[in-house]
Amino acid sequence: MKTRLILLAAGNSRRFGSNKLLYFIDEKPMFMYGLQVMKELLLEDLDRELYVVTRFEPIIEAVEEMKADPFLHNRTHLVLSPESALGISYTIRAGLVDGEIQPDYYLFMVADQPFIKTETVERLIKETLNQRKIAGCVTWEGVPGNPVIFSKQLKKELSELQEDQGGKRVLKKYMNEICKISASCEEELIDKDTKD
C-alpha cells in the first residue's frame with residue numbers, strides 16, 4: 001500500500017517568540033530532526049513518498065538538497081504554503097494536494113517534535129497498515145499525540161478542516177477504531193513551543 005509522508009513545517013510559532021523550526025538544538029535547526037526521520041522512512045520502503053509543506057527558505061533549501069539524492073528525488077516533493085500563516089488546516093490541506101500517486105494512507109508529522117524516533121513512526125505506519133485501521137496515532141500513557149496517520153477514506157474530512165482545526169478533530173471521531181502505538185518515552189511526544 002502507498003503511504004504519503006507529510007511533514008508539516010509551515011507554522012507560526014506564536015508562543016515561541018521566533019521561528020522555532022529554525023531554532024538550533026544541539027547544532028542543527030529543529031526542523032532537520034523531522035526531515036531526517038522522514039528521509040529514513042523513505043529509504044525503508046519504496047511505496048512511500050514525502051511531501052514537505054513549508055513557507056520558509058531554509059527548509060526549502062534543505063528539501064532541495066535532499067532531492068539531489070537520485071534515490072529520493074522522484075519521491076520527495078516540496079509544497080509551498082503561504083496560507084499556512086492563517087492556521088494549521090491550511091497546512092494540512094496543502095499536504096493533501098493531488099499528486100501522481102493516489103496514497104492509501106496519509107501520515108502527518110509536525111516539524112517541532114525533535115525527539116520523535118524513526119522506529120516509533122515506522123511501527124505506527126506498519127501496524128496501522130497491517131491491521132487496515134482507518135487511522136492511527138502515537139500515544140504516551142494513553143494520551144494521543146503526533147504523528148498521526150489517516151486512511152484515504154478520511155481525506156475529505158481532513159480537507160474540510162477550517163482555520164486552526166487540526167487532524168485530532170477527525171481522529172477523535174474514530175478513537176475506538178484506530179491503531180494506537182505507544183512511544184518509547186514521554187520526550188518523543190514533546191513539541192517545542194518554548195525555548196526552555
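The values are calculated or read from the model by the stated rules, or taken from the named source; none is laboratory data. A quick note: this is a predicted structure, and the numbers were derived from the prediction, not measured. So basically every Cβ, Gly included, is an ideal-geometry build from the backbone, and we count neighbours across all protein chains shown.
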Open item on the list: For the list (1) out of contact with any strand residue (DSSP E or B) (no Cβ under 9 Å at 6 or more places or on another chain); (2) within 14 Å of Leu8 (Cβ to Cβ); (3) not charged (D, E, K, R), I need the number of the one condition that Asn146 fails.
Closed with: (1)
Task: Failed condition for Ile88, given (1) farther than 14 Å from Gly34 by Cα; (2) among the aliphatic types (A, V, I, L, M); (3) touching a Ser or Thr at 6+ places or on another chain (Cβ under 6 Å) - done: (3)
Open item on the list: Where the second residue is assigned to a loop (DSSP other than H, G, I, E, B) and the first is farther than 13 Å from Gly95 by Cα and lies in region 158-170, which pairs have Cβ atoms under 6 Å and are six or more apart or on separate chains?
Closed with: Glu163/Gly87; Asp164/Gly87
- [ ] Identify the single condition in (1) surrounded by fewer than 16 Cβ atoms within 10 Å (Cβ to Cβ); (2) assigned to a helix (DSSP H, G or I) that Val121 does not satisfy, given that it satisfies every other one.
- [x] (1)
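Quick check on this structure: which one of Lys39, Lys67, Lys20, Lys28 is at pLDDT below 90, farther than 21 Å from Ile134 by Cα and basic (Lys, Arg)?
Exactly one residue qualifies, and that residue is Lys20.
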Task: Index of the failed condition, Ile101 passing every other in (1) touching a Ser or Thr at 6+ places or on another chain (Cβ under 7 Å); (2) touching a residue at least 12 places away in the same chain (Cβ under 8 Å); (3) surrounded by fewer than 19 Cβ atoms within 10 Å (Cβ to Cβ) - done: (1)
Open item on the list: Tell me the residue from Gly87, Gly34, Gly95 that is out of contact with any strand residue (DSSP E or B) (no Cβ under 9 Å at 6 or more places or on another chain), closer than 19 Å to Val148 by Cα and either of a type outside the set (Ser, Thr, Tyr) or surrounded by 17 or more Cβ atoms within 10 Å (Cβ to Cβ) (or both), please.
Closed with: Gly87
- [ ] Could you list all residues from region 40-68 that are buried (at least 18 other Cβ atoms within 10 Å of the Cβ) and among the basic types (Lys, Arg)?
- [x] Arg48, Arg55
Open item on the list: What pairs come out if I take residues in region 119-131 that are over 20 Å from Leu43 (Cβ atoms) and pair them with residues that are outside any helix (DSSP H, G or I) and not polar (S, T, N, Q) whose C-beta lies under 7 Å away, six or more apart or interchain?
Closed with: Gln131/Cys179
TODO: Would you kindly identify the strands (runs of 3 or more DSSP E) lying entirely within region 128-196 that contain at least 1 residues that are modelled with pLDDT under 95?
DONE: 135-140, 143-151
